[in-house]
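Notes for the one structure printed next.
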Amino acid sequence: MAWLLIDNSNTRTKFALGNRSGLQPWRGVLATAEISSESLEPLLAEVGFDAVIICSVVPAKAEILRQFFDGRCPLHFLDYRSPLGMMIDY
């Protein structure tokens with residue numbers, strides 16, 4: 001199973017592929033201000049994945065990501081409630 005991992009930060013949104021073995025070589029980056037369906041389509045057109053995991057500090061862009069992936073594959077937003085098997089303590 002391949003996961004598309006997305007780190008949606010204030011300036012840049014970073015994309016990587018991972019699986020049970022670890023991170024894979026493919027990477028992608030978009031300016032967060034440019035996140036839209038139109039910018040995501042060409043970036044991800046050739047990328048194969050089975051599920052998406054997103055962490056975000058930009059709610060408006062997180063909603064665009066949610067709408068883009070909704071119904072395409074399983075989607076999880078990573079937060080303090082996510083079952084990681086470890087604590088997140090800020």
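The values are calculated or read from the model by the stated rules, or taken from the named source; none is laboratory data. Computed from a predicted structure; not experimentally measured. Positions of Cβ are backbone-derived with ideal geometry, glycine not excepted, and every protein chain shown enters the neighbour counts.
Just wondering, is there one or more residues in the range 6-15 that are of a type in the set (Ser, Thr, Tyr), touching a helix residue (DSSP H, G or I) at 6+ places or on another chain (Cβ under 7 Å) and over 16 Å from residue 66 (Cβ atoms)? Within the range 6-15, one or more residues are of a type in the set (Ser, Thr, Tyr), touching a helix residue (DSSP H, G or I) at 6+ places or on another chain (Cβ under 7 Å) and over 16 Å from residue 66 (Cβ atoms). Has the range 71-83 got any residue that is of a type in the set (Ser, Thr, Tyr) and either at pLDDT 90 or above or in contact with a Pro (Cβ under 6 Å, 6 or more places away or on another chain) (or both)? Looking through the range 71-83, none of the residues is of a type in the set (Ser, Thr, Tyr) and either at pLDDT 90 or above or in contact with a Pro (Cβ under 6 Å, 6 or more places away or on another chain) (or both). For the range 42-56, the condition holds for no residue, the condition being that it is touching a Ser or Thr at 6+ places or on another chain (Cβ under 7 Å) and hydrophobic (A, V, I, L, M, F, W, C). Is at least one residue of the range 36-51 touching a helix residue (DSSP H, G or I) at 6+ places or on another chain (Cβ under 8 Å) and of a type in the set (Val, Ile, Thr)? The answer is no; no qualifying residue exists.
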